[in-house]
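The values are calculated or read from the model by the stated rules, or taken from the named source; none is laboratory data. Just so it is clear, the model here is predicted, and its values are computed rather than measured. FYI the Cβ positions are ideal-geometry reconstructions off the backbone, even for glycines, and counts take in every protein chain you see.
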């Protein structure tokens, strides 16, 4: 099977991208910390990923392939690494978790310019094809073209080794509120 072409997401791709990310992160430790209730997870996760999509789509920093089956949501260095600014329809407890996690992670990020891989996800129906690594490469190539490092964070212990094999190095660890590894790929 050939790998589909990598494209930049446009506003018309919102539903496909959000649907992929909601499905891809259903067991992710961070997302389940933020949205622990199975009944409300789909709605709150869709709001969360939709908010990220809306902030990044016009920055030409969301790459996808397979019609949105695999997605990399990057934040360019000039974006200021702003918080997710959670949607106001979250209940107070959910909003507090989202903002609290956001503050902890962003306080741990370096002060120098970098490309930030905020979200990398492949729909479970397309998992195991290596598409995540392929779509991630588009942002890494952009960072390299600018001579900048790339940074990501993951709370999934299984992903740490996958990222290491893709050239990422651990640069920090957060024990709370969810064990999280911060990783960097130096400029190439």
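Residues checked against (1) surrounded by fewer than 19 Cβ atoms within 10 Å (Cβ to Cβ); (2) on the phi < 0 side of the Ramachandran plot; (3) part of a loop (DSSP other than H, G, I, E, B):
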{"position": "118", "(1), (2), (3)": "no, yes, no"}
{"position": "125", "(1), (2), (3)": "yes, yes, no"}
{"position": "140", "(1), (2), (3)": "no, yes, no"}
{"position": "143", "(1), (2), (3)": "no, yes, no"}
{"position": "173", "(1), (2), (3)": "yes, yes, no"}
{"position": "187", "(1), (2), (3)": "yes, yes, yes"}
Quiz item: Is it the case that some residue within the stretch 79-90 is within 24 Å of residue 133 (Cα to Cα), in contact with a strand residue (DSSP E or B) (Cβ under 7 Å, 6 or more places away or on another chain) and outside any helix (DSSP H, G or I)?
Solution: yes
Quiz prompt | Residue that is assigned to a helix (DSSP H, G or I) and either under 18 Å from residue 166 (Cα atoms) or at pLDDT 90 or above (or both), where the choices are 107, 72 | solution = 107
Quiz item: Any idea which of 153, 176, 146, 169 is in contact (Cβ under 8 Å) with a residue 12 or more places away in the chain and farther than 26 Å from residue 32 by Cα?
Solution: 146
